[in-house]
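These notes concern the structure reproduced below.
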Amino acid sequence: MSTGSIQGREAFIANISSRLGRKTPAAAAPEHPHRGAPDFYKAVERTTDERIQLFTDNWMALTGKVLVVEASEAPERIGGWLQEIAGELKVTRVSRWEHDGLAALGLDEALAAAGVEVVPWKEAAADGDEELPAADAGSNWARRSELLRRTERCQLGIVWPDYAIANTSTLVLQCSPERGRSVSLLTDILFAVFRADQLVTRMGEAFDGVREGKTAAAQYPSSLNLITGPSRSADIENDLTIGIHGPGKVYAVIIK
């Protein structure tokens, strides 16, 4: 099998070098003294309170909102905040992950008291399937999984991230059968709840946690979502649009 040859490489490199203001291309590749984060960056240590403050500042700079609560008052205050958000943004249906931490907070009951329907990310019983309108029967939409059909009709998604990164205010979500990525992608509003001890300073620390204990590719999640503030894109004529590829409003709760 012939691998061919590269034509015009020297001229191409010389053109780039000229545009960079160099007389000739560099004779040797530039040095790379660091692999990954430099030592001085990895050496920075922050207290839990400092990580909370850093995450909060960065998240709010991206137009997100943050609530920091003590564990003893978490159910009441988080449930109350959810009710306020649902009322303000006219939320009628909520999708949420199946997660022990969320279940312990009693959020379903708080939302039900506000007249909001909760749609957990789990397969419904055969007799619990929603009947499709006759006009939709046989359509491409009807052939999608019931989980997707139910979730895309929800305005708000509730998740419990695996990690949160203080330096960039990034949520790290590993998907699983009980924790569908669509909950954080299809809804207009994202509501994330996590403990303060899940906050790390740097992205590399979160990746180390994701890799920990895994020795084979099959042990990794099928999707690892990194969410930093609301969805935003300027792909079309550099016109910034919020919420075009995911939630346009984002909320984070940190439990101390």
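How big is the dipole moment of the stretch 37-123 about its Cα centre under a simple scheme where the beta carbon of each Lys and Arg is +1, that of each Asp and Glu is -1, and everything else is neutral? Debye, nearest 20, please.
With Lys and Arg at +1 and Asp and Glu at -1, about 300 debye.
Given a Förster distance of 22 Å, report the FRET efficiency between Glu109 and Lys256 from their Cβ-Cβ distance, rounded to the nearest 0.05.
My answer for the efficiency is 0.45.
Over the stretch 155-256, what is the mean sequence separation of C-alpha contacts under 8 Å (at least six apart), divided by residue count, expressed as relative contact order in percent?
Normalised by residue count, the contact order of the stretch 155-256 is 35 percent.
Using the beta-carbon distance between Glu117 and His245 and R0 = 25 Å, what value does 1/(1 + (r/R0)^6) give for FRET efficiency, to the nearest 0.05?
E between Glu117 and His245, to the nearest 0.05, is 0.50.
Taking +1 at the Cβ of each Lys and Arg and -1 at the Cβ of each Asp and Glu, which of Gly106, Ile189, Ser18 sits farthest along the dipole of the chain towards its positive end, judged by Cα position relative to the Cα centre?
Positive-end residue among those listed: Ser18.
So if I place +1 on the C-beta of Lys and Arg and -1 on the C-beta of Asp and Glu, and nothing else carries charge, what would the dipole magnitude of the chain be about its Cα centre? I want it in debye, nearest 20.
So the dipole magnitude of the chain works out to roughly 1200 debye.
Where Lys and Arg each count +1 and Asp and Glu each count -1, what net charge lies around Asp100 among other residues with Cβ under 13 Å from its Cβ?
Neighbourhood net charge equals +1.
Which residue fluctuates the most in the chain, going by a Gaussian network model with Cα springs under 10 Å, if the choices are Glu205, Glu31, Glu50?
In this elastic network of the chain, the residue with the biggest mean-square fluctuation among Glu205, Glu31, Glu50 is Glu31.
Considering only the chain, what is the antiparallel percent among its DSSP beta bridges, to the nearest 5?
Taking every DSSP beta bridge within the chain, about 30 percent pair in antiparallel fashion.
Only one of the values (i) 17.7, 55; (ii) 23.3, 75; (iii) 18.6, 58 was calculated from this structure for Rg and Dmax of the Cα atoms in Å; name its label.
So the structure-derived entry is (ii).
Taking a spot 7 Å from the Cα of Thr48 along the direction of its beta carbon, which residues of the stretch 73-103 have an amide N less than 19 Å from it?
Residues passing the 19 Å test: 73-78, 101-102.
In whole Å, what is the distance between the alpha-carbon centres of the stretch 1-43 and the stretch 150-210?
37 Å
Of Phe12, Phe207, Phe55, which has the largest mean-square fluctuation in a 10 Å C-alpha GNM of the chain?
In the Gaussian network model the winner is Phe12.
Starting from the coordinates of the alpha-carbon atoms of the stretch 66-123, obtain the Kirkwood hydrodynamic radius over all distinct pairs and give the value in Å to one decimal.
Computed over the stretch 66-123, the radius equals 11.8 Å.
Check Ala252: other-chain or 5+ apart residues with amide H under 5 Å from its amide H, H built from backbone geometry?
HN-HN under 5 Å from Ala252: Lys65, Val66, Leu67, Ala192.
Say R0 is 22 Å: what FRET efficiency, to the nearest 0.05, do Val210 and Arg149 get from their beta-carbon distance?
0.15
Report the residue, chosen from Asp239, Asp108, Asp188, that carries the largest GNM mean-square fluctuation when the chain is represented by alpha-carbon nodes joined by springs under 10 Å.
Among Asp239, Asp108, Asp188, the largest GNM mean-square fluctuation belongs to Asp239.
Quick note: the coordinates plus some simple rules give every number you see, no bench work behind them. What you see is a predicted model; the values in this text were computed from it and never measured. Neighbour counts run over all protein chains shown; Cβ positions are idealised from the backbone, glycine included.
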